[in-house]
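Notes to accompany the following structure.
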Amino acid sequence: MKTDIEISQSVNLTPIKEIAEKIGLKENDLELYGNYKAKIDFPTIQKAAEKEDGHLILVTSINPTPAGEGKSTITIGLGDALNKIGKKTVIALREPSLGPVMGIKGGATGGGYAQVLPMEDINLHFTGDMHAITTANNALSALLDNHIQQGNELAIDPRRIIWKRVVDLNDRALRQVVVGLGGPLQGMPRQDGFDITVASEIMAILCLATNIEDLKTRLSNIVVAYTFEKTPITVGDLQVEGALALILKDAIKPNLVQTIYGTPAFVHGGPFANIAHGCNSVLATKTALKLGDYVVTEAGFGADLGAEKFLDIKVPNLKKSPDVIVIVATIRALKMHGGVKKEQLNEENIEALTHGFSNLKKHIENMQSYGIPVVVAINEFISDTKQEITQLEALCKKQGVIVESASVWEHGADGGTALAKTVASVIENETTNYHSIYPVGASLEEKIETIVTKIYGGAGVSFSQKAINQMKTFEDYGWDRLPVCMAKTQYSLSDDPKALGAPSNFTVTIRELVPKIGAGFIVALTGDVMTMPGLPKQPAALNMDVLEDGTAVGLF
Ligand code: ADP
């Protein structure tokens, strides 16, 4: 079997103008970035807004394990297969961050014969959106520090600045830094820190804004610091929302690319689902819904993180809920949830699979509790045995959930037609009754408790004294009814990454709350989750190279 990059490099790409024609776009609707990438301009988005929305398919998964789940692979393969069976389909995905690209083996462009292309470009600098977001974020830091240096008219307390700098890399050395050292000419010394770009509030705002005006309003609402009197200071107070919006003027436009099979795919915005809200931009999904009859989109990590945030944070902004939710599971990952070590995953183990099914079962129940029909997609690996697949199908059927296998990684669109037919038939025959997991007006405490007990299956929540104090002050500031964006490990339903399967009787600790008022939610930091990841001992970067003719090598 060829590697992902070898497969992608063997494909003859179609000019993006021809891909765009498939969804009714003309050349002058596009801003071309070379021959194979384009951005969609605002007048085109506005023109499309008059059309009806297509059907929305949300792809999510069980809790990820090092065994691999293949959500992006299934999202792309399902999109290709839907097109193959005659359904006009568009894909909407997040754009990769260089942090995991350089760190962990595996990009965010799918795998095998289910990939979006050109995969090197998308995984590296793409159309520059990540750089624009990083620059806007750090411009705000610079403007804030400059405000203090130039006399601090707003009386910002340098010890109470909550806005951090960002870089789109896994760089643990930057988690805590001191800036402004070197004397009065170099600024006010203060403690600062770096987050990864995908955790920036600007990334969340870019992904939730519906137009430039909304972008500016949201940017203006960002809380960056507090005064000596503990009054919140916003970007609006600094009067720089216009400048930040200007830096983002192109980044906010959705990017169009293609799959191996020529399916149009929007790849736009990329917040992580563990430390941010985990969904591609509202603008890309909305545009896809207007231009396609079917849209396949993905939310990051397991359904406890990405899908919960898709349903409770993105849907109210998107004003469209999924018509069906596809939960991706693999035999290998379920065996790991059932206690098997990574080295033994190639051996058949029905008992461990049955035991590990508890993780999938919990996610099925969770997604059904939103009132949306669920389909389980088994992402087939070559190592799966017939008995294992039969057993997983039987477990799903016993649970009363529709299940279908897909081999899109190995066979491309052909490997996904059965899944595509099943998904299309569910959309045609079943009704949805979407409702959020918590009432909009519930308090932060109630929302967090609902997510922990209903979605994670925990016994309750333990709030640190800091979080308790914050909830009190947030009430005074009028932020206590906002949605909650949980920051939690992706590996477990609990806040302990080692607790696999479906743990019970656990308590989730909330150590701190972070107001993201521009994005419109409060981040709740659980356990010891980090907003700046580190690199592993053997980073993926060690395998990478570039040839004399510019060809990328070793990018997965
Ligand atoms: P996720 O979206 O869940 O993070 P991806 O779709 O990005 O997962 O896949 C992660 C990695 O696993 C990719 O390198 C991909 O090639 C590989 N992969 C996915 N599905 C399969 C499969 N069925 N067989 C072998 N490898 C797979």
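Derivation of every value follows stated rules applied to the coordinates shown; laboratory data play no part. Not measured: the values here are computed from a predicted model. In this analysis, Cβ positions are derived from the backbone assuming ideal geometry, glycine residues included, and neighbour counts consider all displayed protein chains.
Projecting the Cα positions of Gly34, Ser358, Leu93 onto the charge dipole of the chain (unit charges on Cβ atoms of Lys, Arg, Asp and Glu, taken about the Cα centre) puts Ser358 furthest along the positive direction. Among the listed pairs Lys397/Lys454; Lys290/Lys362; Lys230/Lys314; Lys341/Lys488, those whose Cα-Cα separation exceeds 27 Å are Lys290/Lys362; Lys230/Lys314. Structural descriptor for the chain: relative contact order 21 percent, calculated from alpha carbon pairs under 8 angstrom and at least 6 residues apart. Listed peptides 337-347, 159-169 appear in the order 159-169, 337-347 once ranked by packing, highest mean of other Cβ atoms within 10 Å at the front.
Quick one: putting +1 on the C-beta of Lys and Arg, -1 on the C-beta of Asp and Glu, what dipole do you get for segment 444-525 around its Cα centre, in Debye to the nearest 20? Mind dumping the intermediate values first?
Values: 9 positive and 9 negative charges, 41 e Å.
Here segment 444-525 has a charge dipole of around 200 debye.
Could you rank the peptides 431-442, 135-146 by their average count of other C-beta atoms within 10 Å per residue, with the highest value first?
Working: 431-442: 13.3, 135-146: 19.0.
Per-residue mean Cβ counts within 10 Å order the peptides as 135-146, 431-442.
With r defined as the distance between the Cβ atoms of Val546 and Asn35 and R0 fixed at 25 Å, what FRET efficiency is calculated, to the nearest 0.05?
Numbers: r = 20 Å, r/R0 = 0.81.
Given R0 = 25 Å and the Cβ-Cβ separation, E is 0.80.
Its Kirkwood hydrodynamic radius, worked out from the mean inverse distance over all distinct Cα pairs, puts segment 194-322 at 15.7 Å.
Using a 10 Å cut-off around each Cβ, can you sort Lys447, Lys472, Lys361 from fewest to most neighbouring Cβ atoms?
Lys472, Lys361, Lys447
Net charge within 10 Å of Ser200 by Cβ-Cβ distance, Lys/Arg positive one each and Asp/Glu negative one each, not counting Ser200 itself?
0
Distance between the C-alpha centres of segment 512-531 and segment 261-297: 23 Å, rounded to the whole angstrom. Rounded to the nearest 500, the helix-only mean residue ellipticity at 222 nm of the chain stands at -9500 deg cm²/dmol, with each DSSP H run of n ≥ 4 adding -39,500 (n - 2.57).
Inter-label distance, Glu6 to Gln186: 5.1 nm, where each label sits 7 Å from its Cα along the C-beta direction. Of the GluC sites (Glu not before Pro) found in segment 1-71, those that fall in a DSSP loop while having at most 10 other beta-carbon atoms within 10 Å are Glu50, Glu52. Net charge dipole, the chain: roughly 620 debye, given to the nearest 20, about the Cα centre with Cβ charges of +1 for Lys and Arg and -1 for Asp and Glu.
At 0.36 nm per residue, and after removing the present C-alpha to C-alpha distance, how many nm does the segment from Glu21 to Ala49 gain when stretched out fully? Let's see the in-between values first.
Numbers: separation 28, 0.36 × 28 = 10.08 nm, distance 1.76 nm.
Result for the pair: 8.3 nm of gain on full extension.
Sorted ascending by nearby beta carbons within 10 Å, beginning with the fewest, Asp80, Asp4, Asp476 become Asp476, Asp4, Asp80.
Between Met532 and Ile196, the built amide H atoms are under 5 Å apart, and every one of these is 5 or more places off in sequence or on another chain.
Descending by average beta-carbon neighbour count within 10 Å, the peptides 316-329, 387-400 line up as 316-329, 387-400, the highest first.
Taking 0.36 nm per residue of separation and subtracting the Cα-Cα distance, full extension of the segment from Thr217 to Gln538 would add 111.3 nm.
Each label was represented as a point 7 Å from its Cα along the Cα-to-Cβ direction; for Glu446 and Ser462 these points are 2.6 nm apart. Could you please state, rounded to a whole Å, how far the C-alpha centre of segment 163-197 is from the C-alpha centre of segment 54-82? About 37 Å separates the Cα centre of segment 163-197 from the one of segment 54-82. Using the Cβ-Cβ distance between Asp528 and Arg159 with R0 set to 35 Å, the FRET efficiency works out to roughly 0.90. Each Lys and Arg adds +1 at its Cβ and each Asp and Glu adds -1 at its Cβ; summed about the Cα centre, segment 28-78 shows a dipole of about 180 debye.
If each residue's Cβ is checked for other Cβ atoms within 10 Å, how do Glu548, Glu365 rank with the fewest at the top? Walk me through the numbers before you get to the answer.
Details: Glu548 5, Glu365 16.
With the sparsest Cβ surroundings first, the list reads Glu548, Glu365.
Evaluating 6.51 cos²θ - 1.76 cosθ + 1.60 at θ = phi - 60° for every residue in segment 379-391, the Karplus couplings come out as 7, 6, 10, 4, 6, 5, 9, 4, 4, 5, 5, 4, 5 Hz, glycine and proline recorded as x. The modelled label-to-label distance between Glu347 and Thr14, using points 7 Å beyond Cα along the C-beta direction, is 4.7 nm. 3J(HN,Hα) along segment 58-66: 9, 9, 9, 7, 5, 5, x, 10, x Hz, from the Karplus curve 6.51 cos²θ - 1.76 cosθ + 1.60 with θ = phi - 60°, whole Hz, x for Gly and Pro. Between the residues Tyr491, Thr509, Gln465, the greatest Cα displacement towards the positive end of the dipole of segment 444-525, with unit charges on the Cβ of Lys, Arg, Asp and Glu, is found for Tyr491.
How far, in nm, would the chain grow between Gln150 and Val178 when pulled straight, counting 0.36 nm per residue and subtracting the alpha carbon separation?
Details: separation 28, 0.36 × 28 = 10.08 nm, distance 1.92 nm.
Extra length from Gln150 to Val178 when fully extended: 8.2 nm.
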